[in-house]
1. Can you tell me which residue is farthest from VAL134 (Cα to Cα) among those in the stretch 99-118 that are assigned to a loop (DSSP other than H, G, I, E, B) and touching a residue at least 60 places away in the same chain (Cβ under 8 Å)?
2. I'd like the full set of residues that are polar (S, T, N, Q) and open to solvent by 80 Å² or more (accessible area, probe 1.4 Å), limited to the stretch 126-136.
3. Within the stretch 41-59, can you find the residues that are in contact (Cβ under 8 Å) with a residue 60 or more places away in the chain and either of a type in the set (Lys, Arg) or crowded, with 18+ Cβ neighbours inside 10 Å (or both)?
4. For residues in the stretch 46-76 being among the acidic types (Asp, Glu) and assigned to a helix (DSSP H, G or I), which is farthest from LEU10 (Cα to Cα)?
5. Sort out which residues of the stretch 1-15 are closer than 10 Å to ALA90 by Cβ and open to solvent by 70 Å² or more (accessible area, probe 1.4 Å), and write them in order of number.
6. Here is a check on your reading of the model: is GLN144 at pLDDT below 95 and within 18 Å of ASP52 (Cα to Cα)?
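The values are calculated or read from the model by the stated rules, or taken from the named source; none is laboratory data. Only a predicted model underlies this, so the values are computations on that prediction, with no experimental measurement involved. Counting neighbours? That spans all protein chains shown, and the Cβs are built from the backbone with ideal geometry, glycine included. These accessible areas exclude ligands, DNA and RNA; they are computed on the full protein's heavy atoms, side chains included. Shrake-Rupley method; radii C 1.70, N 1.55, O 1.52, S 1.80 Å.
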Amino acid sequence: MNIGDKFPDLLGKDADGKEVRLSDYPGKNFIIYFYPKDNTPGCTAEACNFRDNFEIFEKMGYQVIGVSKDSEASHVKFRDKFGLQFPLVADTETTLCQLAGVWQKKKMAGREYMGIVRTTFVTDNNGTVTDKVVKVQTKTASEQLFELLDNRNDINPA
């Protein structure tokens, strides 16, 4: 996915098995972030950073949605352990990850494997991508977005 592309209305199912649809959030813009795995240091830092700034994003008119390949059961534990107040989509078949272009070949410790490349998409209220962050700073992901959006003169997070 690139700027100008549109996410489908149905993103998948959340931790509770409920379908997550963009149309369930009328008038909201979206921050859809893809992360590799629940309960890992970087992914936990990123999720908690979004949690800590969730109210600011809400006031700005954004709904945060996290996506990983983890199961609904894994998402329940992750959400509850860290008090996450936004949906986590369980993309176990990597359908949305592939559509977004974040399911890619990765390398670690000399081996290659397919995995999610950490990426954040900002969309308008129709799900059309307006911004894309590929070098996500896990501990300051929200601040990265505030700066990006402020540079476009769309918002003032203060």
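1. Here the residue is GLY101.
2. If we filter the stretch 126-136 for residues that are polar (S, T, N, Q), which is where we start, we get 126, 128, 130.
The one that is polar (S, T, N, Q) and open to solvent by 80 Å² or more (accessible area, probe 1.4 Å): ASN126.
3. Of everything in the stretch 41-59, those that are in contact (Cβ under 8 Å) with a residue 60 or more places away in the chain and either of a type in the set (Lys, Arg) or crowded, with 18+ Cβ neighbours inside 10 Å (or both) turn out to be CYS43, GLU46, ASN49, PHE50, ASN53, PHE57.
4. ASP52
5. The one that is closer than 10 Å to ALA90 by Cβ and open to solvent by 70 Å² or more (accessible area, probe 1.4 Å): LYS13.
6. Here the answer is yes, as GLN144 does meet what is asked.
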